[in-house]
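The values are calculated or read from the model by the stated rules, or taken from the named source; none is laboratory data. Keep in mind that what you see is a predicted model, and the values were worked out from it rather than measured. All Cβ positions, glycine included, derive from the backbone under ideal geometry; neighbour counts span all protein chains shown. Quick note on the areas: whole protein, heavy atoms, side chains included, nothing else; ligands and nucleic acids left out. Shrake-Rupley method; radii C 1.70, N 1.55, O 1.52, S 1.80 Å.
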Amino acid sequence: DYRPEPLLGGVDGFARLVDEAYTLGIHLMPFFGMTCANCWHSPDFERYGASARMKSPTRNTFWGNQPDWDTSRGQDTGWQAWLNIGAASWREELTRQITRLLDGYNLDAVFLDCTEVWINDPDHNIREGLYALTRDLRGSGTQAGVHLRERVVVGVTQVDGERAASRDRVACVR
């Protein structure tokens with residue numbers, strides 16, 4: 001679950017941060033990895049993640065990019081599993097987490113990272129999963145926006161009917 005870190009104030013501290021940000025005219029947009037999760041420290045990973053692991057057409061399983069820009073996490077490998085949003089189990093779990101956070105803190109939006117990760121997974125269609133996620137979030141009753149980061153490296157991508165040919169941009173899907 002996406003939860004505020006206790007060392008940074010926990011639930012109460014995050015609620016105060018959100019409230020104070022609004023008084024200052026600041027809108028917060030928590031960050032979610034659309035295609036990855038911590039498979040070591042998520043107690044329910046086997047329930048939603050095991051069948052959702054992203055696979056190549058030859059069924060090789062993908063592991064996360066393990067961000068380590070300053071090599072301080074060199075010993076911390078293998079924790080991030082790539083998940084396919086086309087798998088209903090992962091999409092439903094992500095929708096539950098996002099909706100819970102947005103409604104619980106009255107936030108305006110979430111930022112979905114790694115929406116540019118696409119593979120011809122033989123089990124689940126990523127594009128259809130992304131569209132289903134946005135439909136699920138719209139149908140959840142939350143009034144928040146969903147912001148997707150997409151990097152178009154080669155070719156043209158289409159998100160919610162809008163053509164995108166830039167290298168790096170943020171698209172708001174409502």
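Brief remarks on what is shown
- Some residue of region 126-144 being in contact with a Lys or Arg (Cβ under 7 Å, 6 or more places away or on another chain), surrounded by fewer than 16 Cβ atoms within 10 Å (Cβ to Cβ), closer than 21 Å to PRO57 by Cβ and of a type outside the set (A, V, I, L, M, F, W, C): no
- Top-ranked residue of region 19-34 - restricted to ones that are in contact with an Asp or Glu (Cβ under 9 Å, 6 or more places away or on another chain) and in a loop (DSSP other than H, G, I, E, B), ranked as least open to solvent (accessible area, probe 1.4 Å): MET34
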